[in-house]
Amino acid sequence: MKNYLIITLAAVIFAASPAMAQDDWAFLGKYASANAELKESPKAVLMGDSITQCWYDADPGFFNNNNFACRGISGQTTSHMLVRMRKDVVQLHPKYVVILAGTNDIAKNNGFIEVDDIYGNIVSMCEIAKANKIKPVICSVLPVKKYRWRPEVTDCADRIIRLNAMLKEYAKKNRYTYVDFHSVLKDEENGLPSEYSYDGVHLTNAGYDIIEKILLDTLK
């Protein structure tokens with residue numbers, strides 16, 4: 001049986017602070033040791049935020065048994081991840097980069113950003129990957145009805161749907177793989193049901209079980 005660890009909402013909110021590290025705002029050094037210790041190139045690097053970071057904490061065997069490298073950092077936006085692409089993806093020489101990003105942009109973790117610009121950051125990550133012969137795998141942003149740490153954001157469900165539609169079309173146009181977690185996990189209000197999320201944003205064990213199966217089936 002998997003040994004799952006659920007990170008508390010308080011810890012996630014703390015990590016999501018815009019002043020995460022003034023001397024290393026993108027956390028370029030977080031995975032420096034792990035990157036240096038890799039003995040072989042991973043099959044895939046999973047680039048993301050707390051949803052990806054918690055994924056490893058929940059089920060390290062999913063990563064270790066499939067030769068996946070977790071490079072998620074709690075609280076990060078697509079701007080942070082774009083800066084990290086070279087150190088945490090390109091220099092590891094994976095076959096795939098699995099990008100699960102954008103929810104913290106919608107939540108205004110780094111201030112307001114237009115959906116078009118969130119999309120543009122993810123497109124830029126894909127372009128960097130392609131230029132380095134790494135195959136981009138674009139994941140839909142998970143459904144969210146409300147961010148508890150950003151109650152003023154009231155249109156997140158609709159903005160996520162719009163961003164996902166743009167990402168799906170971009171993937172289709174460029175023949176990249178698009179992984180649709182959103183339609184499988186959403187409830188009737190385009191949020192995450194309690195079965196799959198303990199706070200409406202982050203996944204429970206059951207939620208991770210579902211996206212693991214979808215991703216493995218996709219990469220096969």
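No lab work stands behind these numbers, since they all come straight from the coordinates. In this text, all values refer to a predicted model and were calculated from it rather than measured experimentally. For neighbour counting, all protein chains shown are included, and Cβ atoms are generated from backbone atoms with ideal geometry for every residue, glycine included.
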- [ ] Run LYS135 past the list (1) basic (Lys, Arg); (2) on the phi > 0 side of the Ramachandran plot; (3) touching a Phe, Trp or Tyr at 6+ places or on another chain (Cβ under 6 Å) and report the number of the one that doesn't hold.
- [x] (2)
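Name the residue, out of PRO143, PRO136, that is touching a Cys at 6+ places or on another chain (Cβ under 6 Å) and of a type outside the set (A, V, I, L, M, F, W, C).
Only one candidate passes the filter, namely PRO136.
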Task: In region 125-151, residue surrounded by the most Cβ atoms within 10 Å (Cβ to Cβ) [restricted to those that are touching a residue at least 24 places away in the same chain (Cβ under 8 Å) and more than 16 Å from VAL98 (Cβ to Cβ)] - done: PRO143
TODO: Can you tell me which residue within region 184-206, out of those that are in contact with a helix residue (DSSP H, G or I) (Cβ under 9 Å, 6 or more places away or on another chain), in a helix (DSSP H, G or I) and not β-branched (Val, Ile, Thr), is surrounded by the most Cβ atoms within 10 Å (Cβ to Cβ)?
DONE: LEU185
Open item on the list: Suppose we keep only residues that are under 24 Å from VAL123 (Cβ atoms) and among the basic types (Lys, Arg) within region 35-82. Which one would you say is surrounded by the most Cβ atoms within 10 Å (Cβ to Cβ)?
Closed with: ARG71
Task: Test for TYR170: is it among the aromatic types (Phe, Trp, Tyr), surrounded by 17 or more Cβ atoms within 10 Å (Cβ to Cβ) and touching an Asp or Glu at 6+ places or on another chain (Cβ under 9 Å) - done: no
- [ ] Filter region 119-158 for residues that are among the basic types (Lys, Arg) and within 30 Å of PRO94 (Cβ to Cβ) and give the result.
- [x] LYS130, LYS133, LYS135
Task: Subset of region 83-115 (residues that are more than 22 Å from PRO42 (Cα to Cα) and touching a residue at least 12 places away in the same chain (Cβ under 8 Å)) - done: GLY102, THR103, ASN104, ASP105, ILE106, ALA107, LYS108, ASN109, ASN110, GLY111, ILE113, VAL115
Open item on the list: So for region 115-124 (the condition being in contact with a strand residue (DSSP E or B) (Cβ under 9 Å, 6 or more places away or on another chain), surrounded by 15 or more Cβ atoms within 10 Å (Cβ to Cβ) and under 22 Å from SER50 (Cβ atoms)), does at least one residue qualify?
Closed with: yes
